[in-house]
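First the structure, in the form of structure tokens, and then the observations on it.
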Amino acid sequence: MKNLLVIAGSLLLSVGSVSAQEDNNVFTHLGASVGVGTTGVSIDLSTNITDYVGVRVGADIMPKFKYSTDIDINNSTNLQNEYNTWRQYYIATNPGAEAPELTVPSQVDIEGKLNNTTGHVLFDLYPGKKIDWHLTVGAYFGPTDVVSVYTTKDEQLADVAKYNDWQNDKSLLIGAELGDYFLTPDANGHVDASIKVKGFRPYVGLGWGRAVPKNHSLGFSFDAGVQFWGKPEVYLQGDKQNESNFDGEDGGILKTLTKITVYPTLTFRLTGKIF
């Protein structure tokens, strides 16, 4: 973040020094804005470098939406019956041996969380002094983990975790199939998954409105563009997954998510001139 601010400051100084000989309207006004859009609630401080260039520095506060639900384990009864039968057979054929008790839950409580609060440095480029349409270039920067999904009651899978740890026969492990990946709870009965993107995200877009209103104290503006956040990566139980892991029937959604390399950005802002 510090490096980005240094670069932005250098660009401001260089553009301002070149333009000062032709235009006295250099760094003469300061503005602020508040907006809403696909990045959440945005707050900006802005200034005019010249009549042709404006800069905005701010933050985009995305509420940490959480969604709780439960996942039914459709074959839990069959798994329970198969395990009970296998356990009795194992004990009968292995005198003195012990096999762990196992309760397969019929459903598991999970929670999903969105985490995408970002900061930004954006340059608005205007084709003329009296034209409010602009091309915007710059960058957003924020967290790498944008979506997290996890179990909220680890005790629901505690028996499954103990059984899987004890079982030497990998074909008898209990878990969920996601394409070609077999997801099992960790030693504490916990299951988690996350989607990660780049923290530094170049931006390009088009919009209307000045970074600082020219003729009024208040103004309106909007921007539409995309953040290039790279190829999303899926992590299951902390392990990065390859796209080939989701070739199976149940991995289709995750495989689709890994192909979304841009984040669409649409923001409507109310701008004001401080001086």
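The values are calculated or read from the model by the stated rules, or taken from the named source; none is laboratory data. Given the structure is predicted, the values throughout are model-derived calculations rather than measurements. Quick reminder, even Gly has a Cβ in these numbers, built from the backbone with ideal geometry, and neighbours come from all protein chains shown. To get the accessible areas, we keep the full protein, side chains included, count just its heavy atoms, and leave off ligands, DNA and RNA. Shrake-Rupley method; radii C 1.70, N 1.55, O 1.52, S 1.80 Å.
When residues in the stretch 130-161 are screened for being small (Gly, Ala, Ser) and part of a loop (DSSP other than H, G, I, E, B), 1 of them pass. Report yes if some residue within the stretch 162-173 is in a loop (DSSP other than H, G, I, E, B), touching a residue at least 40 places away in the same chain (Cβ under 8 Å) and within 30 Å of Glu98 (Cβ to Cβ); otherwise report no. No: zero hits. Val146 meets the conditions (1) at pLDDT 90 or above; (2) of a type outside the set (S, T, N, Q); (3) within 30 Å of Gly219 (Cβ to Cβ) in every case but one. The failed one is (3). Scoring Asn168 on the criteria (1) surrounded by fewer than 14 Cβ atoms within 10 Å (Cβ to Cβ); (2) closer than 30 Å to Ser221 by Cα leaves a single failure, condition (2). Among residues of the stretch 24-48 being among the hydrophobic types (A, V, I, L, M, F, W, C) and not in a strand (DSSP E or B), the one that is surrounded by the fewest Cβ atoms within 10 Å (Cβ to Cβ) is Phe27. The residue of the stretch 27-75 that is nearest to Asn116 (Cα to Cα), among those that are among the aliphatic types (A, V, I, L, M) and in contact with a Phe, Trp or Tyr (Cβ under 8 Å, 6 or more places away or on another chain), is Val36.
Every condition in (1) under 30 Å from Ile43 (Cβ atoms); (2) touching a helix residue (DSSP H, G or I) at 6+ places or on another chain (Cβ under 6 Å) is met by Ala99 except one, and the failing one is (1).
In the stretch 237-259, the qualifying residues are those that are farther than 19 Å from Pro185 by Cα and not in a helix (DSSP H, G or I), and the one that is modelled with the lowest pLDDT is Gly248.
Of all residues assigned to the stretch 134-142, none qualifies as being open to solvent by less than 70 Å² (accessible area, probe 1.4 Å), free of Cβ contacts under 8 Å to residues at least 60 places away in the same chain and in contact with a His (Cβ under 6 Å, 6 or more places away or on another chain). A single member of Lys162, Lys129 is within 24 Å of Gly54 (Cβ to Cβ) and open to solvent by 40 Å² or more (accessible area, probe 1.4 Å), and it is Lys129. Listed by first and then second residue, the pairs with beta-carbon distance under 6 Å, at least 6 apart or on different chains, first residue in the stretch 55-75 and closer than 27 Å to Thr28 by Cβ, second assigned to a strand (DSSP E or B) and open to solvent by 70 Å² or more (accessible area, probe 1.4 Å), are Val57/Leu45; Gly58/Ile43; Ala59/Ile43.
Taken over the stretch 210-236, the criterion of being open to solvent by less than 40 Å² (accessible area, probe 1.4 Å) and not in a strand (DSSP E or B) is satisfied by Arg210, Ala211, Val212, Pro213, Trp229, Gly230, Pro232.
Confirm whether Gly207 is open to solvent by less than 50 Å² (accessible area, probe 1.4 Å), among the small types (Gly, Ala, Ser) and at pLDDT below 95. For Gly207, the condition - open to solvent by less than 50 Å² (accessible area, probe 1.4 Å), among the small types (Gly, Ala, Ser) and at pLDDT below 95 - is not met.
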